[in-house]
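The values are calculated or read from the model by the stated rules, or taken from the named source; none is laboratory data. Small disclaimer: the values here were computed from a predicted structure and weren't measured. For neighbour counting, all protein chains shown are included, and Cβ atoms are generated from backbone atoms with ideal geometry for every residue, glycine included.
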Amino acid sequence: MLRRILTPLLITLSALALTLFGAAPATAAPAEQSRPLVRTVLYYDSSQAAEYTSAVASAVDVWNSSVGNVRLEPASSGQHAEIRIVADDGWPRAHLGPVRPGGRVTVWMGRQGTAEGYDAVRIAAHELGHSLGLPDAKPGPCSSLMSGSTGGVNCTNPAPNASERSRVEAAYGSGTAGLRAADGQLLVDRF
């Protein structure tokens, strides 16, 4: 008698559980797929970049078209800029990131690099790569942006390769809630 009562009850509860829990992943998956990309916006100040202002703007365009998890935007007057770009007479260098919103790193567009014949846009893209968390990859070929000066004076490639893009995407993969803090180490790009 107990079996006649419990069996239909267990069948009904099992069917209800399959209906409730079996359908949940099917309805949850489209919502996860349509979730918008969380993008970290970092502001840069190139007001002290002097003759390198257009090279910096071109390098910013390269990075913005290469990665989706982080976007570089010019800071408006009086706005905090996470990336400060300064022209000086030394060798190009930068603080190692990845910089986070509210943080601060500096890129020095050292004139010594362009005086020796290196491409200004490649230098700017390379130094911005440091701000986004990429260390040097020296020695290396021209196809590697982070090979820096070891790509050669004739190398004008300002674009990060697939590995470099992937590393930046991973560093900013969770938007502003990234886990790795900025290193802050100063990298002088001289081989």
**Item:** Options VAL168, VAL121; residue that is under 20 Å from the mean Cα position of the chain (by Cα), touching a residue at least 24 places away in the same chain (Cβ under 8 Å) and under 15 Å from ALA55 (Cα atoms)
**Value:** VAL121
**Message:** Condition first: among the polar types (S, T, N, Q) and surrounded by 14 or more Cβ atoms within 10 Å (Cβ to Cβ). Now tell me which residues in the stretch 59-111 satisfy that.
**Reply:** SER66, ASN69, THR106
**Prompt:** Can you list the helices (runs of 4 or more DSSP H) found entirely within the stretch 82-186 that contain at least 2 residues being closer than 17 Å to ASN64 by Cα, at pLDDT 95 or above and in the same structural domain as SER47 (by TED's automatic domain parsing)?
**Reply:** 120-131, 162-171
**Request:** Give the residues of the stretch 42-60 that are of a type outside the set (Gly, Ala, Ser) and not in a helix (DSSP H, G or I), sorted by residue number.
**Result:** LEU42, TYR43, TYR44, ASP45, GLN48
**Asked** Any idea which of SER54, SER76 is over 24 Å from SER163 (Cβ atoms), out of contact with any helix residue (DSSP H, G or I) (no Cβ under 9 Å at 6 or more places or on another chain), modelled with pLDDT of 95 or more and not charged (D, E, K, R)?
**Response** SER76
**Request:** Please specify each residue of the stretch 68-98 satisfying the condition of being under 16 Å from the mean Cα position of the chain (by Cα) and within 23 Å of SER149 (Cα to Cα).
**Result:** ILE83, ALA94, HIS95, LEU96, GLY97, PRO98
